[in-house]
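Okay, structure first, notes after.
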Amino acid sequence: MKWVLTSNKQAIIREYQLMDENSCKVVAKINPLHKSVRISCDNQHRLFFVEEVSPFSDKYIYTNEYGMEIGSMALDKQNKAAGTIVIDSTRYSYREQSNPLPAFQIYGRGKFQPLFNCNLQPTVTGVSIAGKINEIDNKYLLLGLCWFANLKTTKEFAY
């Protein structure tokens, strides 16, 4: 899987697509001014807001379009490139890597093998999306990836 930036990186609203081979699984439209992301997947469309708990903590709260808390993200205190994400009471661990290519690895609770290994498309200038300019995008892309994993798990149990 790979997150691909489909809009101009300087655009006010940046659009990413989660590609699995040649098919688009998730579309994420990030608005950093409103600290929001619109995520579309399998005819499900949701709006999420990301709120920092305090400037001194490494925790973020995810709320939906109705203002209800649906999850959170906490960065690891020793390793800022790792942490946990909770979506609808399902806990995921994640790790960001930058070598050889920028990528996210998402783990389920108690799992040693990643559920998803998701690459990030390098930009035209050679600077990765995971660079300092778009650090905030990573929080939204991780939310999109975990929401997709949560939808996929929910569908498996529904049948």
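Nothing in this text is a laboratory measurement; each read-out follows from the coordinates by a stated rule. What you see is a predicted model; the values in this text were computed from it and never measured. When we count neighbours, we look across all protein chains shown, and the Cβ atoms used for this are built from the backbone with ideal geometry, even at glycine.
Observations
- Cα centroid separation, segment 64-94 to segment 3-18: 22 Å.
- Order of M68, M19 - criterion: other Cβ atoms within 10 Å of each residue's Cβ, fewest first: M68, M19
- Counting only aspartates and glutamates at least 8 places from K9 when in the same chain, those with an alpha carbon closer than 15 Å to its own are E135, D137.
- Segment 1-107: GluC sites (Glu not before Pro) in DSSP coil with no more than 11 other Cβ atoms inside 10 Å: E21
- About its Cα centre, the dipole of the chain is roughly 160 debye, where the only charges are +1 on Lys and Arg Cβ and -1 on Asp and Glu Cβ.
- With all pairs of separate Cα atoms included, the chain yields a Kirkwood hydrodynamic radius of 15.9 Å.
- Among V37, V86, the ranking by other beta carbons within 10 Å of each residue's beta carbon, starting with the fewest, stands as V86, V37.
- Label sites at C24 and F49, each approximated as a point 7 angstrom past Cα along Cα to Cβ, lie 2.7 nm apart.
- Exposure proxy order (Cβ contacts within 10 Å, fewest to most) of I61, I70, I30: I61, I70, I30
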